[in-house]
Every structure is written in C-alpha cells, then in structure tokens.
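The values are calculated or read from the model by the stated rules, or taken from the named source; none is laboratory data. For clarity, every value in this text was computed on a predicted model and none was experimentally measured. Glycine gets a Cβ as well: all are built from the backbone with ideal geometry, and neighbour counts include every protein chain shown.
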Amino acid sequence: MRPRVGFGGILVLVVLAWLAGPAMAQLPPALQAAQARLAVQPQAVELVWNGLSAGPLPIIEPVDDDPGRARVTFIYRSAPDAHGVRLDSVIAAPLARQPVTDYRRDFTLPMQRLPGTPIWWIQLEVQTDTEAVYSFLEGRGERWIRQSDPHNPRRLRGASAESVLRLERAPDMAPIRPVLSWSDAMEAEILSSDALGRDVSLHIQSAPDAGDCAPVLVLYDAFLWGERAPARDTLHNLARDGQIPPTHLVLIDQLDPASAARAYADQVDFLARELRPWLEASGLAGPDCPVILGGASRRGLVASLAALEHPDLFSGVISLSGSYYWSPDGEAPEWLARRIPAIDAPGPRFFLAAGRLEYVETSTNGGHVMLDTNHLFAAALEAQGYAVTRHLYAGGHDVAGWRHALAAGLVDLLGED
C-alpha cells in the first residue's frame with residue numbers, strides 16, 4: 001500500500017494504521033480449544049459451535065502492548081455446502097490489493113475454515129476508536145450470499161441490516177440512539193420535478209418545538225437516512241440535549257445515476273428551483289431561513305455543487321466522504337475544486353468528513369482517494385474565502401462512520417459556538 005497525504009497530519013495516522021493492522025494472527029485460543037476437541041471428537045461440531053457462540057460475537061480482546069488496538073476474531077457458521085466465506089468491511093482497507101478492480105477479490109478478506117466443520121474465522125487487529133459495519137459473503141456454487149452476523153446484537157436498522165463492530169473508544173452513542181417515542185412514520189410528499197423528469201418522493205419530519213425560521217436539513221438517500229441510520233433520531237437527540245436548535249428534516253428518495261452524464265446540473269436545478277421554493281410554500285423554510293444540504297459520497301459532491309452555485313439559497317453543506325475525485329467525461333479529475341467561485345460576503349459553510357481508512361485506490365477513483373481529494377477540496381474552498389471544517393473519523397466509506405460524522409456536522413453548523 002502506498003500511504004497518502006490526507007487531512008492535515010493524516011499521513012502519520014494512515015501509516016500507523018497500516019503498520020498496526022489489521023493483521024492476520026495465529027489460531028485464537030478459543031478456536032485452538034475447539035480444534036483440539038474435534039481432533040478427538042470429530043462428531044462434536046454442534047457442541048463446539050455452541051461453545052464458540054455462547055457469548056456475543058465477534059470476540060474482542062486487548063492487545064497487551066498497545067491499548068490503542070484490539071484483537072477482533074470474527075467467527076461464522078456457514079451452510080454445509082459453502083465453499084468459502086469472506087469478510088466484507090472497511091476495516092479490510094489496510095490489506096486491500098490495490099488498485100481495487102474487483103471488489104470481492106481485491107477488498108474482501110477470505111476467512112479460514114476450521115477443518116472438517118462449517119465454522120470459519122478471521123482475526124484482525126483494529127484501532128479501538130473504530131466503528132464499522134461488516135457482513136459475511138458466503139459462497140454457494142457461483143453465488144455469493146451476503147449475511148449479517150446472527151450472534152452480534154449490534155446492527156443497523158431495517159431488513160437484513162449489516163452488523164456493526166463497535167470498539168471501546170468509538171464515538172459516543174448518545175446523538176444516534178434510537179428514539180422510542182415516535183408515534184408514526186415520517187410524512188410523505190410527492191414533488192413532481194421537471195428538472196429530473198420524474199416524481200420525487202420526499203420524507204419529512206417537522207421538529208415539533210421548532211421556532212420561527214428553524215433550520216432545515218435536506219439529505220439525499222431516504223433509505224439510508226430514513227431506515228438504516230435514521231437521521232430524525234440524531235436531530236431529536238441533539239436538540240433535546242441543547243446542542244442544536246430544533247431542526248426540520250427532509251429526505252430525498254435517491255440520487256439519479258443518470259445525472260452524472262449531465263454533470264449533476266439537473267440535481268442542482270431540482271434543489272434550487274424546485275425543492276427550495278417548495279420548502280417555502282410548505283412553510284418549512286422562509287426565504288432567509290437556513291437550509292443545509294447533505295449526503296454521502298456522490299451525494300456530498302452534489303450538495304457542495306448546489307451550494308456553490310446558489311449560495312443565496314443554501315447556508316451550509318455536510319459532506320460525508322464526498323466524491324470530489326469525480327469529473328464529467330473528458331475532464332481532468334477533481335473537476336469541482338476547479339469551479340469554486342470566490343466569495344466576498346459570508347457564504348455557505350462546509351463540513352467535510354472523511355474516514356481514516358479512505359486511502360484505497362480503486363478503478364473508480366483512479367488513485368484520487370477520498371482522504372486526498374477531501375483535503376484538496378477543503379483547501380480550494382478556503383482559498384476562495386469559504387469557512388470549512390475538516391473532520392476525520394475512525395473508519396471508512398460506510399454508514400457507521402457517517403452517522404457519527406453527521407451528528408458532528410450538525411453541531412458544527414448549527415451549534416451555538
């Protein structure tokens with residue numbers, strides 16, 4: 001792996017993360033005992049599995065000489081006919097074969113089989129401030145079937161949600177804890193969009209205690225922020241604790257893949273010329289009230305583009321692993337960083353978050369990795385007079401890190417300080 005410079009001082013962090021692991025280990029003690037028992041009792045597979053899965057999985061143990069790392073053993077029981085199992089998680093980044101051209105082959109990690117059993121394992125060393133999602137890919141014939149960890153009680157929400165690895169120094173859960181008091185679903189609205197040529201489904205959560213001209217958070221991806229990691233819980237928790245004012249939430253159903261061919265101009269038109277007037281007509285946001293745009297990956301890129309083109313309409317951006325490497329066909333990489341207009345008056349404020357493990361070169365980013373491009377985009381914004389907060393979180397390109405970064409971004413843009 002070639003370490004890359006990212007947010008200020010990141011090079012050291014990335015190199016340390018790479019040198020520290022994750023790293024393969026010898027057979028863990030619990031599996032050594034299981035293997036020894038099976039050597040004399042080959043039929044005791046069920047008893048062995050019951051012993052291994054008696055407590056929560058994965059097994060997390062300290063590393064004696066380094067309190068900043070933990071030894072994590074993932075254990076999975078497959079179907080009897082499975083020919084392989086692979087671990088899929090951003091914590092695999094230090095072991096990725098770069099550039100990643102085939103995700104399953106180059107990024108996911110093969111697990112080892114306990115001989116003569118359907119029990120598979122892998123052990124990694126992970127920094128103890130990490131929170132990341134993971135799942136298992138189970139090979140059956142020509143198919144690879146994604147499975148969550150049935151023995152880990154931590155998982156995202158929604159059907160077939162991925163499991164969550166959470167270590168002891170991971171961010172505080174208070175801002176993202178589930179709110180049990182919601183009595184009904186979010187309000188649904190359909191906005192007919194000429195810009196996008198389709199009906200757009202909006203999901204709205206009005207803040208019950210919001211004052212006049214309360215902020216509005218607009219997020220792309222209603223499935224991600226409505227079901228898997230509900231953003232309305234985060235807004236409620238932060239407002240309840242006095243960290244932000246009561247804030248309305250509007251979720252946009254999806255980012256149209258075809259918009260890339262139009263350099264996302266149709267998305268900008270939708271946000272500025274259709275959604276923003278709709279917010280005013282619906283009473284959610286007056287002409288001078290703060291509206292923050294947000295999203296992850298390409299959605300963070302689009303939010304940034306819209307705010308730069310319409311600084312009078314959008315007061316801030318929360319970009320989570322924004323895809324600033326992207327460019328239209330025929331353009332050099334990092335197109336948006338070259339299109340930032342200078343601004344004299346206070347313009348939209350930017351909160352740019354990227355994960356510590358986002359240094360993997362892929363066929364998509366062409367070597368312009370997330371850490372580098374977020375750092376360079378932040379510098380380009382600052383050079384044109386914009387206020388920027390750079391946020392580094394432990395983890396990679398997944399919602400486990402994004403949900404904590406979203407909370408941090410809301411406090412940064414809406415908190416009293």
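Overview of results
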read-out: Leading residue by the ranking (surrounded by the most Cβ atoms within 10 Å (Cβ to Cβ)) among those in region 65-90 that are touching a strand residue (DSSP E or B) at 6+ places or on another chain (Cβ under 8 Å) and assigned to a loop (DSSP other than H, G, I, E, B); value: S78
read-out: Qualifying residue in region 94-102 (condition: out of contact with any helix residue (DSSP H, G or I) (no Cβ under 6 Å at 6 or more places or on another chain), more than 29 Å from H397 (Cα to Cα) and outside any strand (DSSP E or B)); value: no
read-out: Whichever residue in region 128-173 is closer than 25 Å to A79 by Cα and of a type in the set (V, I, T) and, among such residues, is surrounded by the fewest Cβ atoms within 10 Å (Cβ to Cβ); value: I145
read-out: Unique residue being more than 20 Å from S321 (Cα to Cα), modelled with pLDDT under 95 and not in a loop (DSSP other than H, G, I, E, B) when the list is P62, P42; value: P62
read-out: Meets criteria (at negative phi, among the aliphatic types (A, V, I, L, M), crowded, with 24+ Cβ neighbours inside 10 Å and within 21 Å of the chain's Cα centre (by Cα)) for A307; value: no
